[in-house]
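**Student:** The structure follows.
The values are calculated or read from the model by the stated rules, or taken from the named source; none is laboratory data. Owing to the predicted nature of the structure, the values given are computational and were not obtained by experimental measurement. Reconstructed Cβ throughout: ideal geometry from the backbone, glycine too, with neighbour counts over all protein chains shown.
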Amino acid sequence: MKETRRRFGELVAKRRKYLGMTQAQVWDGGSGPSTKTLTQIEQGYGPDPGPGTLGKLDARLQWQPGSAARLLQGGEPIPLEVRPFSEHDLQQHSRLLYELDRVGVDGIAARGTPRTAEGTVLDSEAVEALIRILEHLPTKDSGDHRDPQR
């Protein structure tokens, strides 16, 4: 049982790091296990996590329900499936990349945004808002580098 518990902790830590989350981000004000509990889990000591903690791990680590319990018993967690991109998603993505390139932005980051196997995910409304902002900025080649807030 000790080997299973060690493996459980290692895979929880691995998933957390894969998602780019700190222990505090997993806790997120109580929606996940406390940092103390998470430290115990990841280091393989302390009591076995109860059903509530296992459910919180599933939610915060983006696993299908029951995955943490299955992992604790020696099985494998099942990550939530990433929904396939729709035609609208692809068109929106292309528009955003065009606008970013047009104004000379090499990349963006979204703090606190969940990560998936594909990277950081911005919701559709956030992408639309970025596109609207970018459409009003001067191009990188225009020489007009005034503050757009003025």
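**Student:** Looking at the range 1-24, which of its residues are within 16 Å of T37 (Cβ to Cβ) and under 10 Å from the mean Cα position of the chain (by Cα)?
**Tutor:** Across the range 1-24, the qualifying residues are R16, M21.
**Student:** Taking T4, is it of a type in the set (S, T, Y) and at pLDDT 95 or above?
**Tutor:** No.
**Student:** Return the residues of the range 113-128 that are modelled with pLDDT under 80 and surrounded by 12 or more Cβ atoms within 10 Å (Cβ to Cβ); say none if nothing qualifies.
**Tutor:** Across the range 113-128, the qualifying residues are T113, P114, R115, T116, T120, V121, L122, A126, V127.
**Student:** Of all residues in the range 10-27, how many are touching a helix residue (DSSP H, G or I) at 6+ places or on another chain (Cβ under 7 Å) and free of Cβ contacts under 8 Å to residues at least 60 places away in the same chain?
**Tutor:** Going through the range 10-27 one residue at a time, the tally reaches 7.
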